[in-house]
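Have a look at the structure below before the remarks.
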């Protein structure tokens, strides 16, 4: 049977939701004192939260998974029923399920739906499969802590994650991908390769860039700046703090307050650390009256911002509290908007391709229920975004109602080596801030006109993009990005001085090179360099000194053998220039 993508996605969600209920039933059968909270299907599986005396461990997971298998074997019919709200509250109170009672009390509906399988009944909207026996391929994956309703002031629950697929083959493929993802975990590789760290002393979500990580950041920043100059942008820099009234005017104190760090008193005035760069760019724009002849204006900034993220959602480099956005804002007239969006799309793809990303999922997000601006303005902006996507020839999906309140947007999610999607690039049309800050230009008619503002990020943030790069390349960065491009490995102490001389010649040509002078066996040095994922290992012995060569090995294990130093230098420079290899 051929199933459409939408139908398959719906079936998977139903399968996973049913699996979550089987999980809850298994836990209650094995741990009768447990109290169940919520258990939804999620993107690649499902989870269920439990209030238990002691958090679950690996052995518990194995027992629960085995019991789930038995529940599936029973092939229990799954039946839907309805109950009045008050009756349902009484029902779950009698079962000592306070979390279900709280959920029901918060519902506006007078009736609630329940699903029953065997002696297990749960509050649920559904839908579900018709019986537990229809679940054919599932796996419990991990346990984590989770605050009830995501509130740090409420009880910490024990969350069990699992996944389920329509076939065992699909499940096995998914588990293989998860194993590969573990090997690529940027937190693990970041430590092993000495790239970055996060310490309790400094605070969670705040990144220390170590020399090798900072070198990669420097390379990315230089490339970013040069590409922006080529594409007609000017660079700006803005403060890290500002008076609260700036953020009141922008609306961030109303719409974004939960993500803003506490205010600080400076000379009797309230200031905050900036969560965004955009109000500052507007201040630069308004510093001098603009004419239609000045437009479009394209300003870019690697601006570090600070946002409060709850401790439970932070994740290595991917979700942090201090990060640097590769931010840019374009101020243009309405007739310039389509052309500017098209330019940004071309620019975005050229930058992503340079870093090795050639597959994307692209979304056009349209007007939400709550929005600012006129419907005509929204239509014109959305049409401009869509026309640019079509003109550039990019396949995309429309995401109805998912635009931000101030305008529609295009989101580009890059696909990494193992097929995972990462949110990076975004292009957003903004009607809100130009109105709030009275951002205008003098038109050819001599009258004042409202400028259109486009928010644009290519990488999203340097931290998140770096985390993505680490996992995409499993730490084996292409030559142009590698913090150490070559390492000299003298076979004995007597070649150490010559190795330093060779390293000096390479450094003069801009090659990032190190020397390993340790009194260790050459095989050990080679393995160490491979573990550090250095692209080129240059072995130097007496023979190499006599012939003015280096014996070249690549990190993947390829032994190129002796080559003249000048020839190696020419090859490595060509490879760096082409941004290929690795």
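Read-outs: derived from the displayed coordinates by stated rules, not from any lab. Just so it is clear, the structure is predicted and the values come from calculations on it, not from any experiment. All Cβ positions, even for glycine, are placed from backbone atoms using ideal geometry, and neighbour counts span all protein chains on display.
Summary table
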read-out	value
Pairwise FRET efficiency - residue 85 versus residue 54, Cβ, R0 = 35 Å, nearest 0.05	0.55
Whole-angstrom gap from region 455-529 to region 232-302, using each part's C-alpha centre	39 Å
Mean-position separation - Cα centroids, region 50-78 and region 95-160, in angstrom	14 Å
Region 216-326 - share of DSSP beta bridges that are antiparallel (%, nearest 5)	85 percent
Relative contact order [Cα under 8 Å, 6+ residues apart], region 361-403, whole percent	73 percent
Values of log10 I(q)/I(0), in the order q = 0.11, 0.14 Å⁻¹, for region 169-326 under a Debye, Cα-only, solvent-free model	-0.64, -0.93
Whole-Å semi-axes of the ellipsoid equivalent to region 485-539 (Cα gyration tensor, √5λ, descending)	17, 15, 6
Label point distance in nm, residue 402-residue 142, each placed 7 Å from Cα along Cα→Cβ	2.4 nm
Descending semi-axes in whole angstrom, ellipsoid equivalent of the chain, from the Cα gyration tensor	46, 38, 23
Percentage relative contact order, region 486-578, counting C-alpha pairs under 8 Å, at least six apart	27 percent
Rel. contact order, % - alpha carbon contacts under 8 angstrom, at least six apart, the chain	10 percent
Per residue, the convex hull volume that the Cα atoms of region 371-416 enclose (Å³)	76 Å³
Net length gained if the chain between residue 350 and residue 530 were fully extended (0.36 nm per residue, minus Cα distance)	61.7 nm
Amide N of region 513-536 lying under 19 Å from the label point, which is placed 7 angstrom from the Cα of residue 542 along Cα→Cβ	519-523
Percent of alpha-carbon pairs separated by more than 20 Å within region 101-259	79 percent
Value of [θ]222 nm, deg cm²/dmol, for the chain, DSSP H segments ≥ 4, -39500 (n - 2.57) each, nearest 500	-12000 deg cm²/dmol
Full-stretch length increase - residue 226, residue 559 - with 0.36 nm per residue and alpha-carbon distance subtracted	116.3 nm
Cα-Cα P(r), region 103-186, percent of pairs per 10 Å interval	13, 27, 37, 20, 4
Two-decimal Rg/Rh across region 398-522, once Rg and the Kirkwood Rh are taken from alpha-carbon atoms	1.29
Packing rank of 267-276, 452-461, where each peptide gets the mean count of other beta carbons within 10 Å, highest leading	452-461, 267-276
Percent of alpha-carbon pairs separated by more than 24 Å within region 1-133	31 percent
At R0 = 56 Å, FRET efficiency that the Cβ-Cβ distance of residue 493 and residue 63 yields, to 0.05	0.45
In nm, spacing of pseudo-spin labels at residue 43 and residue 201 (7 Å Cα→C-beta vector)	3.5 nm
For q = 0.11 Å⁻¹, Debye-computed log10 I/I(0) when each Cα of region 486-578 counts as one equal scatterer	-0.26
